[in-house]
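First comes the structure, then the notes that go with it.
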Amino acid sequence: MTRQDFLLRLRSGLAGNVPAEEAARLVDYYDEMILDLMEDGRSEADAVAQVGDPNDLVYAAAGTRPLPAPSPTSTLTRRRWRWTLLILGAPLWGSLLLAAACILLSADLILWCVPLTGAGVSFGFLLGGAISVIASPLAVSGAWALALVELGAGFILLGLGMIVVWLTVQITRICWRGHRALFQWGLAQLGRSKAVIA
Amino acid sequence: MKPRTWFTTAGTLIAIGTLIALVGLALVGFDGDKLSDLARHWYSVVHFN
Amino acid sequence: MDSQMKKGLIEYSVLAALARGDSYGYRIIKDCPPVLELTLSTLYPILRRMETDGRVSTYQQTHNGRARKYYRLTTAGRASMRAFVSDWQDVETVYHQIEAAAAQLPELEGPNR
């Protein structure tokens, strides 16, 4: 980050969070620090990096200062402005929000594909096994030896099917936990307040 | 049911099934033609022909 | 160092850094003992607080073509430093109490405490 970049972000981050003169003091202070670090031999990028992330500095500054009480009229105009900008900007943040939601949904679907596959496989095994066992007596007439093969295969399939069922249940449990975590994370993102920089 | 019972049942089924199938195959003499007959029969059952 | 102890010591260390003469932010950080782990962002509120309560006064001076803010110790600041030094006797008393108790610890951990 360049020094100008840093100062711009710091200034715009502080605006509205600290009184104007305090913001000016903070910007001057950190600007002075950056220039002193550079004088000491560091490059511009290193000096800016050493001072820290403008976001963090804004949080630190805003945290230690009480917000000035807003005057009644300015709150109304500010609120009107906020709504206007919100509506005007809807195509932008709306599409971003939609895209984010779709990505989250895709992740969820991919998550569920695994247990779904497991369920499909177990169903196939169990059904096939059952059919094999039941149909075996009806097997090729006369060649009852083949009926045995069919019966045996049926049992094998049933046994395998049972194992796959157990695997699917375990995987479903894991996926359910993953799904809940994903969902809660998604909701948490909506609730978290974010710093607006420039 | 308990996982142990589940796995025991599954394992038993597989073991018995393998045994029976092998016996059947032995009696058939591991004949490829007869086995394809079996396969065709199974196919028709599954497809309700 | 324990962070609570650091908090108690940091501002006096900054005052001490200014006692030798007027100084500016970056130099203050370099002059303070590294054990205090004073950073750019932690120094700022301390300087602000001391400017507000009158222990420190500020002025601008050009340096290499830019304006630099200098801090100067005031009378109140000097008094604050002297108060800290005289308070140290009380701190030592408490320290000795803790030190004595810590020295006895192995005996106190016996079965019949």
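Only the coordinates and a few stated rules stand behind these numbers; no lab work does. As the structure is a prediction and not an experimental result, all values here were calculated from the model. Heads up, the Cβs are rebuilt from the backbone with ideal geometry, glycines too, and the neighbour counts pull from every protein chain shown.
Look at the alpha carbon pairs under 8 Å that are at least 6 residues apart: their mean separation over the length of chain A gives a relative contact order of 24 percent. If you bin all the Cα-Cα distances of segment A:87-160 at 5 Å, starting from zero, the percentages per bin are 3, 15, 12, 10, 8, 7, 7, 6, 6, 6, 5, 5, 4, 3, 2, 1, 0. Using C-alpha pairs under 8 Å with a sequence gap of at least 6, the mean separation divided by the residue count of segment A:3-69 gives a relative contact order of 49 percent. If each Cα of chain C is one equal point scatterer, what is log10 of I(q)/I(0) from the Debye formula at q = 0.19, 0.20, 0.22 Å⁻¹? Log-scaled intensity ratios, in q order: -1.02, -1.09, -1.25.
For the residues of A:31-41, the average number of beta carbons from a partner chain within 10 Å of their own beta carbon is 4.
Rounded to the nearest Hz, the phi-derived 3J(HN,Hα) couplings of segment A:126-136 under the Karplus curve 6.51 cos²θ - 1.76 cosθ + 1.60 (θ = phi - 60°) are 5, 5, x, x, 4, 4, 4, 5, 5, 7, 4, where x marks glycine and proline. Along chain A, counting only trypsin sites (Lys or Arg not before Pro) with a DSSP assignment other than H, G, I, E or B and at most 15 other Cβ atoms inside a 10 Å radius, the longest segment between sites is A:43-191. Here segment A:3-69 is described by how far its Cα atoms reach on the three principal axes: 43, 18, 18 Å, from widest to narrowest.
Along segment A:20-33 the Karplus relation, 6.51 cos²θ - 1.76 cosθ + 1.60 evaluated at θ = phi - 60°, assigns HN-Hα couplings of 4, 5, 5, 4, 4, 4, 4, 4, 4, 4, 6, 4, 4, 4 Hz to successive residues, with x for each Gly and Pro.
For segment A:104-121, putting each phi into the Karplus relation 6.51 cos²θ - 1.76 cosθ + 1.60 with θ = phi - 60° gives couplings of 4, 5, 4, 4, 5, 4, 4, 4, 6, 4, 5, x, 4, 4, x, 5, x, 4 Hz, in residue order, rounded to whole numbers and with x for Gly and Pro. If a spin label sat at a point 7 angstrom from the Cα of B:SER44 along the line to its beta carbon, the backbone N atoms of segment A:147-166 nearer than 16 Å would be those of A:147. A cut-off under 11 angstrom between Cβ atoms defines the neighbours of A:MET1, and their net charge, with Lys, Arg +1 and Asp, Glu -1, is -2. Less than 5 angstrom separates the built amide H of C:ARG68 from those of C:GLN61, C:THR62, C:HIS63, all sequence-distant by 5 or more or on a different chain. Between A:GLN184 and A:TYR59, the FRET efficiency estimated from the beta carbon spacing at R0 = 22 angstrom works out to 0.35. Relative to the globular-protein estimate of 2.2 N^0.38 Å, the Cα radius of gyration of the protein assembly as shown stands at 1.89. Entry note: chain A has Rg to Rh equal to 1.37, where both radii use alpha-carbon atoms and Rh is the Kirkwood radius. Placing unit charges on the Cβ atoms of the charged side chains and taking the dipole of chain A about its Cα centre, the candidate lying farthest along the positive direction among A:ILE171, A:LEU127, A:ALA90 is A:LEU127.
Under a 5 Å amide H cut-off, with hydrogens placed 1.01 Å from N, A:GLY52 pairs with nothing among residues at least 5 apart or on other chains.
Between C:TYR95 and A:ASP40, the distance separating the two model label sites (each 7 Å from Cα on the Cα→Cβ line) works out to 2.9 nm. For segment A:71-118, dividing the convex hull volume of the Cα atoms by the residue count gives 78 Å³ per residue.
The alpha carbons of segment B:3-46 give a radius of gyration and a Dmax of 14.1, 41 Å, in that order. Relative to the current alpha-carbon distance between C:ALA19 and C:THR39, full extension at 0.36 nm per residue lengthens the span by 5.2 nm.
Magnitude of the charge dipole for segment C:3-78, about its Cα centre and with charges confined to Cβ atoms of Lys, Arg (+1) and Asp, Glu (-1), is about 140 debye.
Taking all Cα pairs closer than 8 Å and separated by 6 or more residues, the relative contact order of chain C comes to 24 percent. Among C:THR42, C:THR52, C:THR93, the largest mean-square fluctuation in a Gaussian network model of chain C (Cα springs under 10 Å) belongs to C:THR93.
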